[in-house]
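K.L.:
Got a structure for you, written out below as structure tokens; questions coming shortly.
The values are calculated or read from the model by the stated rules, or taken from the named source; none is laboratory data. All values derive from a computational prediction rather than experimental measurement. Backbone-built Cβ (ideal geometry, glycine too); neighbour counts: all protein chains shown. Just so you know, the surface numbers come from the protein's heavy atoms only, side chains and all, with ligands and any DNA or RNA stripped out. Shrake-Rupley method; radii C 1.70, N 1.55, O 1.52, S 1.80 Å.
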Amino acid sequence: MVTAVTSVAGLAALASVWTAHAHPVARGTATAAPHTSASKSKPKPKPKSSGKQSEPSKPIPGQTSVPDASLPAPRVSMDIAHASDKGAHAVNITIDDGPDPVWTPKILRVLKENGVKAVFCMIGPQAAAHPEIVRQVVAAGHRLCDHTVSHDTTMATKSRAYQSKEVLDAEQMIEAASGGVKPLYYRAPGGAFTPYSRQIAAARAMRPLGWNVDSKDFDRPGAAALVATVKNELPNGPTVLFHDGGGDRGQTVAALRQLLPWLKQHGYSFGFPVR
């Protein structure tokens, strides 16, 4: 994934990390210190701790990841989502790296013409710079996704403090820009998830969001090539990746104009990624 190049401070260094794809790193573990109690003469039975920190979090149905007990408990599954809430023969449209003042409104128009809702994975400073567009996205019934502050595709190799700041600061920026609507998903730049970043996102009720089909629209191979790529890769799963940031997205707009009607004609429905 990639990000738009804007005048927002701190984004100029992103050009070198557009296409890198990081791999998750191993999850650290920690356990809470046991409670102790003093006794005067005769030993007394040790009382059961009632502290919330030492209690295991309630299991989330279907979650396969094991949460770190030293971190805030997930409120939604911390497993990376790929499936659609509309079932097997559905498509989830996801749009990354905006909002962009030129291309996001054009993509919104195409989605509206076809009656399709999407997930917009926004970079924090981009959202802060264009709150009016964030609110257009929300008003049209689309969902928001946290795509970090800096779009650092190497963040899986960085400290926990850095990862936390990238995820949580972007969440605050997007929520403020939207007028109080929270992101429902978290997508790591370039897929650079770690168990830690997935859990801190899920603890904020943001489901980690992957993808099954990369349209390759960032490379601008032509609208026909984008359409062919999506059609060929749809058997991989329902969640399709496009971009509204990172430069000229005219080919993305043209590809969506062709793809959305084609998908309807072939019996696909449109949904959101599972939560």
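K.L.:
If I ask for residues that are under 20 Å from Thr239 (Cβ atoms) and either open to solvent by less than 10 Å² (accessible area, probe 1.4 Å) or in a helix (DSSP H, G or I) (or both), which ones from segment 175-192 would you list?
P.N.:
Residues satisfying the conditions are Pro183, Tyr185, Tyr186, Arg187, Ala188, Pro189, Gly190, Gly191, Ala192.
K.L.:
Being over 11 Å from Asn114 (Cβ atoms), open to solvent by 10 Å² or more (accessible area, probe 1.4 Å) and either at pLDDT below 95 or under 22 Å from the mean Cα position of the chain (by Cα) (or both) is the filter here; which residues of segment 254-275 pass it?
P.N.:
If the condition is that a residue be over 11 Å from Asn114 (Cβ atoms), open to solvent by 10 Å² or more (accessible area, probe 1.4 Å) and either at pLDDT below 95 or under 22 Å from the mean Cα position of the chain (by Cα) (or both), then Ser269, Phe272, Val274, Arg275 are the ones that fit.
K.L.:
Turning to a different aspect of this structure: Go through (1) on the phi > 0 side of the Ramachandran plot; (2) open to solvent by 10 Å² or more (accessible area, probe 1.4 Å); (3) not β-branched (Val, Ile, Thr) and name the single condition Asp97 misses.
P.N.:
Just one mismatch for Asp97, condition (2).
K.L.:
Which number in (1) open to solvent by less than 10 Å² (accessible area, probe 1.4 Å); (2) aliphatic (A, V, I, L, M); (3) out of contact with any helix residue (DSSP H, G or I) (no Cβ under 7 Å at 6 or more places or on another chain) marks the one condition that Ile133 misses?
P.N.:
Unmet condition: (3).
K.L.:
Take the conditions within 22 Å of Gly271 (Cα to Cα) and among the small types (Gly, Ala, Ser) and apply them to Gly237. Does it pass?
P.N.:
Taking the combined requirement at face value, the residue satisfies it.
K.L.:
Still on this structure, please answer the following. How many residues does segment 110-126 contain that are assigned to a loop (DSSP other than H, G, I, E, B) and surrounded by fewer than 24 Cβ atoms within 10 Å (Cβ to Cβ)?
P.N.:
3
K.L.:
Looking at (1) among the polar types (S, T, N, Q); (2) over 15 Å from Ile95 (Cβ atoms); (3) surrounded by 24 or more Cβ atoms within 10 Å (Cβ to Cβ), which is the only condition Thr239 fails?
P.N.:
Only one criterion is unmet by Thr239, namely (2).
K.L.:
Looking at Ala73, Ala88, Ala69, can you tell me which residue is in a loop (DSSP other than H, G, I, E, B), closer than 24 Å to Gln258 by Cα, among the aliphatic types (A, V, I, L, M) and open to solvent by 40 Å² or more (accessible area, probe 1.4 Å)?
P.N.:
Criteria check complete, one pass: Ala88.
K.L.:
Which of (1) touching a Lys or Arg at 6+ places or on another chain (Cβ under 7 Å); (2) outside any loop (DSSP other than H, G, I, E, B) is the odd one out, the single condition Ala205 does not satisfy?
P.N.:
The failed condition is (2).
K.L.:
Hey, Ile107 hits all of (1) modelled with pLDDT of 95 or more; (2) within 26 Å of Leu234 (Cβ to Cβ); (3) open to solvent by less than 40 Å² (accessible area, probe 1.4 Å); (4) in a loop (DSSP other than H, G, I, E, B) but one; which does it fall short on?
P.N.:
(4)
K.L.:
Here is a further query. Quick one: which of Met173, Met155, Met122 is in contact (Cβ under 8 Å) with a residue 24 or more places away in the chain and over 18 Å from Ile95 (Cβ atoms)?
P.N.:
Met155
K.L.:
In addition: Out of all the residues in segment 144-166, which are charged (D, E, K, R), open to solvent by less than 60 Å² (accessible area, probe 1.4 Å) and not in a loop (DSSP other than H, G, I, E, B)?
P.N.:
Correct list: Asp146, Glu166.
K.L.:
Condition (residue is open to solvent by 10 Å² or more (accessible area, probe 1.4 Å), in a loop (DSSP other than H, G, I, E, B) and under 19 Å from Pro99 (Cα atoms)) applied to segment 212-225: is it met by at least one residue?
P.N.:
Yes, there is a match, as at least one residue in segment 212-225 is open to solvent by 10 Å² or more (accessible area, probe 1.4 Å), in a loop (DSSP other than H, G, I, E, B) and under 19 Å from Pro99 (Cα atoms).
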